[in-house]
Amino acid sequence: MFDVFARNCTSRETMEHVTGRWGTLAMVALLDGTTRFNALRRRVDGISEKMLSQTLHALERDGLVLREAKPTIPPHVEYSLTPMGRDVAGKLFDFIELLESRMPEVMAARAEYDAR
């Protein structure tokens, strides 16, 4: 049994991979379909090549992302979501939509807080 609230539960590591800023953005970007590395890097504005590579490796290890390297010159590498990855990314997408829709309230709360 896994319990993300337990200190040593291995599910915490996967949760960190998925809910970190770059993991969330990469997974939701992959909802659009199979994507090459550089196209994904352009889509996730602000992520470095190194960070995207590390993020994708972690998500691949967790079984959420599929990496397919085609034996061409230069190498052609594509990333897509696994069925489990699609399920998780769908929930993340819903979260992002909710957050974006509530940003006027967030901005008002920030302004109120800063005025105090």
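Throughout, read-outs are computed from the coordinates displayed, never taken from laboratory work. Quick caveat, the model's predicted, so the values are computed rather than measured. Cβ atoms come from the backbone with ideal geometry, glycine included; neighbour counts cover every protein chain shown.
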_Cβ-placed point charges (K, R +1; D, E -1), dipole of the chain about Cα centre in debye, nearest 20_ = 320 debye
*Quick one: compute the contact order of the chain, relative version, from alpha carbon pairs under 8 angstrom and 6+ residues apart, as a percent.*
23 percent
*If you compute volume of the Cα convex hull per residue in Å³ for the structure shown, which of [x] 120; [y] 86; [z] 151 do you land on?*
[z]
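If each residue's Cβ is checked for other Cβ atoms within 10 Å, how do Lys91, Lys50 rank with the fewest at the top?
On the way: Lys91 12, Lys50 8.
Taking fewest neighbouring Cβ atoms as first place, the list is Lys50, Lys91.
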*Name the helices (complete DSSP H segments) of the chain with a Cα length along the long axis of 24 Å or more and a Kyte-Doolittle mean of at least -1.0, or state none.*
83-101
*asked:* Which one, Ala89, Ala29, Ala39, has the greatest fluctuation when you compute a Gaussian network model over the chain with C-alpha springs under 10 angstrom?
replied: Ala39
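Working out 0.36 nm times the residue gap between Glu16 and Asp87, then minus their Cα-Cα distance, what length gain in nm do you get to one decimal? Write out the running numbers ahead of the final one.
Working: separation 71, 0.36 × 71 = 25.56 nm, distance 1.67 nm.
Taking 0.36 nm per residue and subtracting the Cα distance, the gain is 23.9 nm.
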